[in-house]
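Data block below; observations after.
No lab work stands behind these numbers, since they all come straight from the coordinates. Since this is a predicted model, take the numbers as computed values, not measurements.
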Amino acid sequence: MANHYQNIVVAVDGSKQAELAFRKSIDVALRNTDSTLHIIHVIDTSFATTVDMLYDNMVELVREHSQVLLDTYKTQANEAGVKNVNTILTKGVPKIVLSKHLSDLVQADLIICGSTGLNAVERLFIGSSTEAITRHAKCDVLVVRTPE
């Protein structure tokens, strides 16, 4: 089948836009039989050097919160009927990981992301993760906009 996606990646960060992208990813995964939905969350370490990554226990709390976020999305996808769901938790600068290093984690043929995410300051000064993904991804990209 032409335009059949096997490895669908959705980037989530807890934002409303990421939630919309996740919902869309379920629809796309259900339409692409036997595809795998990869839900990825990147723990943002772009400010790690300035705050010395705070404290070791804070890092663990962030990791635990991120894992709960991914587990919740995986459960929702399974309950919606998506059979093959994989979660990926990694760290780094989200725009770099998602736009340039994603292929090290999964061979995506579609990346789904929200039009904006949580980091408004970074978006204002140096551009959004979504912009970086659309410029550098080696596969199709679906940008989900808010319904407003």
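Pairs from the list Lys24/Lys74; Lys16/Lys138; Lys24/Lys100; Lys16/Lys95 with a Cα-Cα gap above 21 Å: Lys16/Lys138; Lys24/Lys100.
Each residue of the range 77-92 was assigned a 3J(HN,Hα) from its phi angle through the Karplus expression (A = 6.51, B = -1.76, C = 1.60, θ = phi - 60°), giving 5, 4, 5, 7, x, 7, 7, 10, 10, 10, 10, 10, 10, 9, 10, x Hz with x at Gly and Pro.
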